Amino acid sequence: MRTRFPVVLAVIAALLWAPSLTSAAGNSLTNPSVSPTSGIITTVFTLRVSYDGKFPASVVGVSVAGISLRMARVSGTATQGTWSVSTVLPAGTWTPGFSSSALQGNAARLAGRA
């Protein structure tokens, strides 16, 4: 019985200092855009998304046409800013999927426009 007591205390201590569900929420992505909206295989497309978080974003990225790209912050702050990346894409119609992660809180995901 004595060997279980320290384990129980460790579990209770971990739960007391764990972030609450409320503090885990609050990171979101909005305003996805692609410019231009159509082109040829040599067209450079710029993909943008806005991040609004309770916690600073550590990574914002986009997946499109089977390619995963890391985005760079072009305005604002890591807590509330606009992120962008430019790339060429293969022929076809693609729907980008934006995602972000922060050191704390939820990972945000957002489907863009085709």
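Among the residues of segment 28-55, the one identified as charged (D, E, K, R), modelled with pLDDT of 95 or more and more than 27 Å from Ala91 (Cβ to Cβ) is Asp52.
Within segment 88-114, the set of residues being open to solvent by less than 50 Å² (accessible area, probe 1.4 Å), in contact with a strand residue (DSSP E or B) (Cβ under 7 Å, 6 or more places away or on another chain), part of a loop (DSSP other than H, G, I, E, B) and not hydrophobic (A, V, I, L, M, F, W, C) comprises Pro96, Gly112.
So that you can scan it fast, the table gives a plain yes or no per residue for (1) among the aromatic types (Phe, Trp, Tyr); (2) at positive phi; (3) in a strand (DSSP E or B):
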residue	(1), (2), (3)
Ile40	no, no, no
Thr46	no, no, yes
Ser50	no, no, yes
Phe55	yes, no, no
Gly61	no, no, yes
Leu69	no, no, yes
Arg73	no, no, yes
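Applying the set (1) open to solvent by 40 Å² or more (accessible area, probe 1.4 Å); (2) within 15 Å of the chain's Cα centre (by Cα) to Val85 leaves exactly one unmet item: (1).
Kindly list, by first and then second residue, each pair from a residue in segment 53-81 that is under 22 Å from Ile40 (Cα atoms) to a residue that is open to solvent by 50 Å² or more (accessible area, probe 1.4 Å), limited to pairs with Cβ atoms under 6 Å and residues at least 6 apart or on different chains. Going by the 6 Å Cβ cut-off, the qualifying pairs are Val64/Trp94; Ala65/Pro90; Ala65/Trp94.
Contact map, segment 89-114: residues that are more than 16 Å from Leu69 (Cα to Cα) paired with residues that are modelled with pLDDT under 90 and not aromatic (Phe, Trp, Tyr), Cβ distance under 6 Å, separation 6+ or inter-chain. Pairs shown: Thr93/Ala114; Gly105/Ala24; Gly105/Gly26; Asn106/Ala24; Asn106/Ala25.
The values are calculated or read from the model by the stated rules, or taken from the named source; none is laboratory data. Just so we're clear, the structure is a prediction, and the values are computed from it rather than from any experiment. Note: ideal-geometry Cβ built from the backbone for every residue, glycine included; neighbour counts use all protein chains shown. Side chains are part of the model used for accessible areas, which takes the heavy atoms of the whole protein and leaves out ligands, DNA and RNA. Shrake-Rupley method; radii C 1.70, N 1.55, O 1.52, S 1.80 Å.
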